[in-house]
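Here is the structure we will look at.
No lab work stands behind these numbers, since they all come straight from the coordinates. Computed from a predicted structure; not experimentally measured. Cβ placement follows ideal geometry from the backbone for every residue including glycine, while neighbour counts extend to all protein chains displayed.
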Amino acid sequence: MLRVRQTPARGHYDKPTIHAILDASLVGHVSFVDEGMPVSIPTAIARIEDGLYLHGNRSSRMFKLLAGGVPVSVSTCIVDGLVKARSGMHCSMNYRSVVIFGKPHLVSDDEKPELLHEIVQKLIPGTKDDYRDHLAKELKATALVRLPLDQASAKIRAEGVHDDEEDAPLAHWAGVIPIRRVTDAAVPSDDLPTGVDEPVEMQQQIQAMLA
Ligand SMILES: Cc1cc2nc3c(=O)[nH]c(=O)nc-3n(C[C@H](O)[C@H](O)[C@H](O)COP(=O)(O)OP(=O)(O)OC[C@H]3O[C@@H](n4cnc5c(N)ncnc54)[C@H](O)[C@@H]3O)c2cc1C
């Protein structure tokens, strides 16, 4: 179930590869079956050690099901380039993706405050000690679940064009258009008090995460 079958050489199953892709992904698509129907919901993801953490309003449909241990598949993907071939058939994409299967479990109230701090820092690197502490009512409203990463696979395409040999002489451009993710200049909140430092280091750390 976990092995990539199409172009199996692009499949990777080692933890460092899977962790690195998850760390660079901000969002995962959480898929589950509810009332007999498949559903896939995008949400923020944060990897800590060998677990994937999902947090959200405890009254949402997804978090009620996750807290109950519904079987899920979570997938994530970063597109690194568009591959233009001389035929439509061989046009492709370069990417890094991960697929995970498992049953989440609810994190205990004791562990939640510290883990939520770690998750904020994973999602917005450079925020350590740069926001107020969680309020009791905020913690109460938030469900936090952990999905183990013991059933996960990665798939990576980082290649050029694979055209048919006989198409090589055709006068159509072929190659890769790389896609990069870059942060833009930070836009301060309208109500920011004067004298608050610009988030230079935070922005650098976010950019490093996206690279
Ligand atoms: C950006 C992007 C664009 C793609 N475009 C196409 C396309 O246009 N057409 C197409 O056929 N395929 C495309 N793929 C590949 C697609 O995601 C699947 O890898 C492919 O359908 C796998 O088929 P399969 O029969 O080998 O695997 P399946 O039988 O579907 O999967 C077997 C197992 O392999 C692993 N696996 C499969 N795919 C992935 C993956 N992408 N990442 C991590 N683990 C995986 C999972 O553990 C899965 O349970 C694309 C992938 C990405 C990330």
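Run the paramagnetic zone check for D197: 7 angstrom along Cα to Cβ, then residues of region 116-132 with backbone nitrogen under 11 Å.
Counting backbone N atoms under 11 Å from the label point, the list is 130.
Can you classify region 1-84 as rounded, prolate or oblate using the Cα gyration tensor, where a ≥ b ≥ c are the square roots of its eigenvalues, rounded means a/c under 1.5, and otherwise it's prolate if a/b beats b/c and oblate if not?
Cα axes put region 1-84 in the prolate bin.
Can you name the helices of the chain, as whole DSSP H runs, whose Cα span along the helix axis is 24 Å or more and whose Kyte-Doolittle mean is not below 0.5?
Helices meeting the criterion: none.
Using alpha carbons only, how many angstrom separate the centre of region 37-90 from the centre of region 168-211?
Spelled out, the Cα-based centre of one part sits 22 Å from the other.
So how much slack lies between H117 and L135, counting 0.36 nm per residue of separation and subtracting their Cα-Cα distance, in nm?
My answer for the length gained is 5.3 nm.
Which aspartates and glutamates does K140 reach when only Cα atoms under 16 Å apart count, and residues fewer than 8 places away in its own chain are ignored?
Once the sequence-local aspartates and glutamates are set aside, what remains near K140 is D109, D110, E111, E114.
Checking the a/c ratio against 1.5 first, then a/b against b/c, what shape does the Cα gyration tensor give for the chain?
In terms of gyration-tensor shape, oblate.
Longest span of the chain, sites excluded, free of GluC sites (Glu not before Pro) in DSSP loop with at most 14 other C-beta atoms within 10 Å?
With GluC sites (Glu not before Pro) excluded where exposed in loops, the chain gives 50-110 as its longest stretch.
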